[in-house]
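Nothing in this text is a laboratory measurement; each read-out follows from the coordinates by a stated rule. Note that the structure is a prediction, hence the values are computed from the model and not measured. In this analysis, Cβ positions are derived from the backbone assuming ideal geometry, glycine residues included, and neighbour counts consider all displayed protein chains.
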Amino acid sequence: MQNKPSFSQSLIPLVCLDIGGTLTKVTFAAKKDFIVNCQTKQELKIQNENEDYEIHFLSHPNSLDVLIQNLEQIGFIVDGESHIQTFYITGGGSFKYYDQISKYGKIVRINEFDALKFGFKLLDSIKYKNTYFTFNNGIEYLQLTASIYPFILVNIGSGVSILKFDNEDQFARISGTCLGGGMFLGLSHLFTGINDFDELLKMTKRGSNAATDLLIDEVHLGFQSPTRDKNEKHVAVSMGKLKQNSNLNQSDLVKSLLYMTTYNISQIAFLHSKLHNIDRVFFSGHFIRNHEETLQCISEAFSYFSKLDQQNRHPYFIKHDGFIGSLGSFWNGIQTYKQNNNH
Amino acid sequence: MQNNPSFSQNLIPIVCLDIGGTLTKLTFATKKGFCLKCQTKKELKIVNEIEDYEIHFISHPNSLDKLIENLEGIGFIVDGKSYIQNFYITGGGSFKYYDQISNYGKIIRINEFDALKFGFKLLDSIKYKNTYFTFNNGIEYLQLTASIYPFILVNIGSGVSILKFDNEDQFARISGTSLGGGMFLGLSHLFTGINDFDELLKMTKQGSNAHTDLLMDEVHLGFQSPTRNKNEKHVAVSMGKLDQNTNINKSDLVKSLLYMTTYNISQIAFLHSKLHNIERVFFSGHFIRNHDETLQCINEAFSYFSKLDQQNRHPYFIKHDGFIGSLGSFWNGIQSFKQGNH
């Protein structure tokens with residue numbers, strides 16, 4: 001084992017966890033320029049211009065051992081002694097770990113709704129510039145100067161939840177759809193035997209949906225859209241060629257399923273944005289996991305429905321996607337910590 | 001050949017056709033009570049209370065020979081001579097037949113948009129009582145006393161078109177989705193090898209989606225819907241169980257695909273109805289073909305989304321679905337005929 005440092009005054013003694021179905025997300029803070037010995041997600045580090053600390057992120061598959069190991073490496077646990085005042089914990093998988101974690105510090109439970117709300121609240125309050133982005137064959141960060149509220153958040157996991165954030169203290173689930181990541185994965189697995197999501201996404205790069213979908217310029221649309229001429233390559237009938245031909249390659253089918261899934265969700269999202277009169281629509285969730293193929297698909301899909309409506313809108317994405325909950329737990333913790341320490 | 005009657009004064013000498021990709025729909029009128037020798041869809045016959053004619057409907061697979069046979073059977077063509085003044089023709093498949101049909105009468109082309117518009121206009125103007133219905137384990141006809149306008153029409157064929165009818169003279173395509181009947185058929189065929197739509201629908205009767213879909217009471221929904229308790233058996237994740245287990249039977253998968261297709265279209269339809277502030281939503285199209293299973297699915301789906309929105313709405317269906325175009329051609333024809341003869 002490597003040489004452990006004594007507990008550093010540079011570490012803020014709170015550890016914020018979001019324990020999900022498979023992954024544990026950890027968020028903690030250290031004074032600026034503190035060198036963290038443990039492997040963190042450097043690209044996610046948040047420097048708070050108003051305060052003198054930086055926020056660090058790491059994630060690992062759920063495991064108490066790995067968690068403790070990480071906490072030791074960071075320096076929260078020195079020679080078996082924990083210097084953690086409080087754990088702020090959220091996430092559906094967290095209840096399994098309470099007993100064991102409580103040996104290392106007091107536990108404060110934050111429910112998932114609140115964690116999400118506080119996460120965005122924190123990002124908005126510090127006007128953090130490097131998390132929200134649009135995607136058009138590459139990332140383009142939003143340089144926010146004003147508040148992000150109100151906005152709609154479309155969270156695509158196995159299923160899809162559509163949430164409306166009115167302001168920093170108020171949000172609600174307004175809708176959803178069962179045609180989400182689980183459908184994509186289930187149908188892909190059924191037809192290809194592959195259920196590794198990352199592998200399926202790689203396959204979409206090689207595939208073409210021209211062999212599976214009937215495109216707009218290939219059908220006589222009984223009722224023609226006024227913008228028809230400009231949209232010839234868009235899909236008129238998903239899987240429209242499969243009723244005759246089922247001899248196709250797996251990459252083509254998976255690509256088709258990706259289009260089907262992303263276009264459909266984008267349409268439903270756009271309709272909600274119109275219904276609620278909210279321009280900003282963010283997409284998040286484990287289905288996206290900030291993979292380029294998916295970001296590009298959603299970007300094109302949402303823009304397509306926006307153009308059909310004579311608008312020119314683009315969807316937004318979140319670099320800290322997946323960590324908003326633990327960031328929200330952190331926000332909760334840091335308020336209390338500052339109160340107690342008279343900051 | 002059977003004994004042909006001489007041309008009857010009871011036949012109104014216009015023939016209205018809607019020739020689609022595979023089927024020809026035929027609409028014509030006779031004086032009330034006239035006995036037809038030819039096989040028609042009796043359940044669709046429209047008795048016009050205001051005028052003295054009845055409207056009859058036939059459909060057959062596209063074929064000029066079959067068409068002529070039917071026209072002879074009705075009595076429009078007697079001993080090889082046609083007594084048809086005008087054909088009013090619509091439909092994407094019609095251009096192939098113009099030359100041959102023109103041997104039997106003058107052709108007037110009606111475009112599909114207009115035909116559809118006129119079809120609803122006719123039904124509305126005569127306040128026809130036995131076409132629009134709701135479905136809840138059985139048909140319940142709407143007894144309309146007022147106009148059906150405005151309404152939204154969701155036409156589900158291979159793809160889906162969503163149309164808004166503001167009034168009897170104005171409508172437009174407002175939206176659509178590529179996740180329609182073609183997707184249902186394509187994915188079903190891919191998995192089962194069956195591409196006969198009627199056979200697939202039969203299979204859904206034996207299937208259960210509990211083996212393929214993750215239902216609401218089986219998942220921890222990160223963000224819980226306020227009406228969650230009442231919706232435990234609804235689908236939370238379509239095909240959600242297939243990521244682990246692909247050893248499922250065909251009927252279960254096809255049923256799942258039917259739910260997926262109908263629920264998704266119903267949600268999109270409902271959202272448009274809210275966006276445009278139009279309560280009446282009609283579903284039509286070759287995917288539905290007024291099969292009980294599909295009518296029931298769409299009814300449950302649309303009602304579900306309506307309830308989530310604290311409303312209690314039901315979708316409507318059309319008994320003359322598939323024949324609205326030819327009925328619209330007929331409306332066009334009968335206006336001209338009446339002008340010409342009165």
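So here's what we get for this one:
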{"quantity": "Tensor-based shape of the range B:124-175 (alpha-carbon gyration tensor, a/c under 1.5 rounded, otherwise prolate or oblate)", "calculated": "oblate"}
{"quantity": "Unit charges on C-beta of K, R, D, E only; dipole of chain B, Debye", "calculated": "360"}
{"quantity": "DSSP bridge pairs, chain B: antiparallel proportion in percent, nearest 5", "calculated": "70"}
{"quantity": "Under the Debye formula (equal points on every Cα, no solvent term), log10 I(q)/I(0) of the protein assembly as shown at q = 0.05, 0.06, 0.12 Å⁻¹", "calculated": "-0.31, -0.43, -1.25"}
{"quantity": "Residue-by-residue Karplus 3J(HN,Hα) for the range A:192-201, coefficients 6.51, -1.76, 1.60, Hz, glycine and proline x", "calculated": "10, x, 9, 10, 8, 4, 5, 5, 4, 5"}
{"quantity": "Estimated dipole of the range A:181-318 in Debye, rounded to 20 [Cβ of Lys and Arg +1, of Asp and Glu -1, Cα centre]", "calculated": "160"}
{"quantity": "Within the range A:1-142, percent of DSSP bridges classed antiparallel, to nearest 5", "calculated": "70"}
{"quantity": "Size of charge dipole - the protein assembly as shown - debye, nearest 20, with Cβ of Lys, Arg +1 and Asp, Glu -1, no other charges", "calculated": "820"}
{"quantity": "From phi via Karplus (6.51, -1.76, 1.60), per-residue ³J(HN,Hα) for the range A:102-107 in Hz, x at Gly/Pro", "calculated": "4, 5, 9, x, 5, 10"}
{"quantity": "Most fluctuating residue given options A:Arg109, A:Arg206, A:Arg280, as computed from a GNM of chain A linking Cα atoms under 10 Å", "calculated": "A:Arg206"}
{"quantity": "³J(HN,Hα), Karplus 6.51/-1.76/1.60, whole Hz, each residue of the range B:115-128, x for Gly, Pro", "calculated": "4, 5, 4, 5, x, 5, 4, 5, 4, 6, 5, 9, 6, 5"}
{"quantity": "Max mean-square fluctuation residue, GNM over chain A, Cα-Cα springs under 10 Å, options A:Ile139, A:Ile148, A:Ile298", "calculated": "A:Ile139"}
{"quantity": "Positive-end extreme of charge dipole, the range A:257-331 - chosen from A:Gln296, A:Leu258, A:Phe282 (charges on Cβ)", "calculated": "A:Phe282"}
{"quantity": "Given A:Lys233/B:Lys319; B:Lys42/B:Lys129; A:Lys103/A:Lys338; B:Lys41/B:Lys202; B:Lys31/B:Lys66, the pairs whose alpha carbons are separated by over 27 Å", "calculated": "A:Lys233/B:Lys319"}
{"quantity": "Mean Cα-pair separation over length for the range B:181-318, i.e. relative contact order, pairs under 8 Å, 6 or more apart, %", "calculated": "24"}
{"quantity": "The range A:200-214 and the range B:88-138: distance between their alpha carbon centers, rounded to Å", "calculated": "39"}
{"quantity": "Two-site FRET efficiency, B:Asn249 against B:Asn195, from Cβ-Cβ distance with R₀ of 25 Å, rounded to 0.05", "calculated": "0.85"}
{"quantity": "Three-way shape call for the range B:180-314 based on the alpha-carbon gyration tensor, with the a/c threshold at 1.5", "calculated": "oblate"}
{"quantity": "Residue of B:Val281, B:Val154, B:Val78 that the Gaussian network model of chain B assigns the largest fluctuation, springs spanning Cα pairs under 10 Å", "calculated": "B:Val78"}
